[in-house]
Amino acid sequence: MRPARGDRAGRGTARPCRERGLCACAVGRPWILRVRVGAGGGRSGKAARVRPSVCLSWSVRSRRLQPSAFPPGQTCCPLPPRHGGGRGAARGTARMKLVRKDLEKDNAGQVTLIPEEPEDMWHTYNLLQVGDSLRASTIRKVQTESSTGSVGSNRIRTTLTLCVETIDFDSQACQLRVKGTNIQENEYVKMGAYHTIELEPNRQFTLAKKQWDSVVLERIEQACDPAWSADVAAVVMQEGLAHVCLVTPSMTLTRAKVEVNIPRKRKGNCSQHDRALERFYEQVVQAIQRHINFEVVKCVLVASPGFVREQFCDYMFQQAVKTDNKLLLENRSKFLQVHASSGHKYALKEALCDPAVTSRLSDTKAAGEVKALDDFYKMLQHEPDRAFYGLKHVEKANEAMAIDTLLISDELFRHQDVATRARYVKLVDSVRENMGTVRIFSSLHVSGEQLGQLTGVAAILRFPVAELSDQEDDSSSEED
C-alpha cells in the first residue's frame, strides 16, 4: 500500500517513525493511507467507498510498517504507553497486577505478577535477585528431525522455570532480560540448559524466593498501589540545548534532547540568531507535544538560566493561539517557570528544590526525595554532628537510636552478596522499629544519583552524636 498524494498529514516530509511501539503520528508526521474497498470487502474500482484513514506503525517482530485503522474524525491513532513516552507519557492509573501471593511463615514462597507498564519492568528488576526462581512464558528455538533425516528448526512458545544467574536491564528501553538454567522438566528444554527470558509488559510471571525481605515486599506494594501515579514533566533548557524529561515515581527519563546551533548576535544584524532561536523553540514545542501526556501530568516545569524560559513560553503560547492548538492552550496553567543554572539534566534537581515547585508537588515521591536530600545537605553544612553518611557511621548512629530520617539508594539492595544485602535490609528495619523515617531513593532519579556519590546511604539524626565525630577526628589524627 502506498499513500495517496495529498493525503500525507503534518508539515514537512512524511516519515514513519521506526521507534519501538510508536506509530508515525508520534513524530507529528503520520502517513494517512486511503484504501478503496469494494462492497464485497475486496479492492475494486466499481462502487468503491473510502475506508477510514489508516496509520502506519513500525512492527519490531516483522520489521515492517503495519497499517492500523482509526475512526473517521480522529486525527491520530492511540499510542501504547512507552516507558513514560508518547501519548501514554507520564503514567495512567494502571499499575502492576498482583495475581497471587503465597508466602510461608518463614517468608519463603512465591508471587505471581503482571507488569502493565514499561516502568513496572524497573520494579521487576529490583525484585529479581541471583538465585531466585523465575517462571514465565518464552520462545525457544527447537531443532526437529523429519523421517527422511532432514533437520529443521522451529520457534516454539513454552513456559520455563529458571534459576536466575544474570539480570540485564536497559533503562532507556525498559527491557528486562533474565538468564539462568532450567530447573523444571520441559519437553523442549533439558534440565540444566541455559536460556534467556525477556520479560514483557502484560505477560504474567511467577517469582519464587527463599526469603522475601521487608524492602522487596514494600516494593511490591508500591508497584501495585495506584496512589503512586503522580508524575511531573520537566523541560530543562538554555539557548540551543533542551532536555524534555519525565519524573515518574521510580525514575527520571530523558525523553528528548534538542540541540540547535545558535549563532551569536552581530552588531546591526540579529536575523540569523533570531531564526535559529525560533527553530530551536519550535523543536522543543514539538518534543513537548510528542512526549507529555497532559491528561496525567499535573505540572510541567520549564527551567532555565536567565530569561530563556520566559521567552520560550511566550513563543509557545503565541504559536498555540495562531495555530489554535487547544492541547497547549487548555493546559497552560500546568506550566511552571523556575530557575536552573543550565540546560543539562543535572540542573533538574535545582528546579525540583524550588519552594514553588515543592508546594505544588507535595504529594509526589520525587519531591519528597529531593526535599530529604536538600535537608541533609543543609544539616551537613550547619550541624555536621547531625548528618552522617557511609554505612559504618550510619550503623553506629542507629545503634544510638539517633536516626530521624534514613536516606538509602535502592541500588544497594541489588548487591550480589547476600550478606551485604541483608545488612542494608536490617538497617532499614531497625530504623523503622525506632520510629525513624526511611526514604528509599531510586538510582535512576537525579536525587538518587547524587545520593550514590555519598556512598548511597546517609542519615539525618535526631540529636548530635559527638562520640562518632570525635572517633573520626582521632582516627584522622592517628593517620597523620
Legend entry - Probe 1.4 Å, all protein chains present, accessible-area order of MET96, MET401, largest first: MET401, MET96
Inset, instruction - List the lysines whose Cα lies under 24 Å from the Cα of LYS378, skipping any in the same chain that are fewer than 8 positions away. - result: LYS345, LYS349, LYS365, LYS392, LYS396
Legend entry - Counted charge near THR206, where neighbours are those whose Cβ lies closer than 9 Å (Asp, Glu -1; Lys, Arg +1): +2
Inset, instruction - Would you please put 175-183, 426-434 in order of how densely packed they are, using the mean number of other Cβ atoms within 10 angstrom per residue and starting with the highest? - result: 175-183, 426-434
Inset, instruction - Please sort 195-202, 237-244 by packing, taking for each peptide the average over its residues of neighbouring beta carbons within 10 angstrom, highest first. - result: 237-244, 195-202
Legend entry - Efficiency of FRET from Cβ geometry, ALA173 and VAL142, R₀ 41 Å, rounded to 0.05: 0.90
Inset, instruction - For SER153, tell me the accessible area in Å² from a 1.4 Å probe, rounded to the nearest 10. - result: 60 Å²
Inset, instruction - Identify the residues of the stretch 298-312 with backbone N under 19 Å of a label point that sits 7 angstrom from the Cα of GLN286 along the Cα-to-Cβ direction, or state none. - result: 312
Legend entry - Percent antiparallel among DSSP beta bridges (both partners in the stretch 180-327, rounded to 5): 80 percent
Inset, instruction - Multiply the residue separation of LEU103 and THR158 by 0.36 nm, subtract the distance between their alpha-carbon atoms, and state the gained length in nm to one decimal. - result: 17.2 nm
Inset, instruction - Please work out how much length the chain gains when fully extended from GLU221 to ARG266, using 0.36 nm per residue of separation minus the C-alpha to C-alpha distance, in nm with one decimal. - result: 10.3 nm
Inset, instruction - Please go through the stretch 250-347 and write out the chymotrypsin sites (Phe, Trp or Tyr not before Pro) that DSSP classes as loop and that have at most 15 other C-beta atoms within 10 Å. - result: PHE307
Inset, instruction - Mind ranking 438-447, 127-136 by how tightly packed they are, going by the mean number of other C-beta atoms within 10 angstrom, highest first? - result: 438-447, 127-136
Legend entry - the stretch 413-421 - phi-based ³J(HN,Hα) in whole Hz, Karplus 6.51/-1.76/1.60, Gly and Pro as x: 7, 9, 4, 5, 7, 4, 5, 5, 4
Legend entry - Prolate/oblate/rounded label for the stretch 109-228 (Cα gyration tensor, a/c 1.5): prolate
Inset, instruction - Evaluate the charge dipole of the stretch 265-345 about its Cα centre and quote only its size in Debye, nearest 20, assuming +1 on the Cβ of each Lys and Arg and -1 on the Cβ of each Asp and Glu. - result: 260 debye
Inset, instruction - Over the stretch 285-407, with every protein chain in place, what whole percent of the accessible area is carbon and sulfur at 1.4 Å, could you tell me? - result: 50 percent
Legend entry - Reach of LYS326 by Cα under 24 Å, taken over lysines that are not fewer than 8 positions away in the same chain: LYS298, LYS334
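The values are calculated or read from the model by the stated rules, or taken from the named source; none is laboratory data. Keep in mind that what you see is a predicted model, and the values were worked out from it rather than measured. Cβ coordinates were reconstructed from backbone atoms using ideal geometry, including for glycine residues, and neighbour counts include every protein chain displayed. Calculation scope for accessible area: heavy atoms of the full protein, side chains included, ligands and nucleic acids excluded. Shrake-Rupley method; radii C 1.70, N 1.55, O 1.52, S 1.80 Å.
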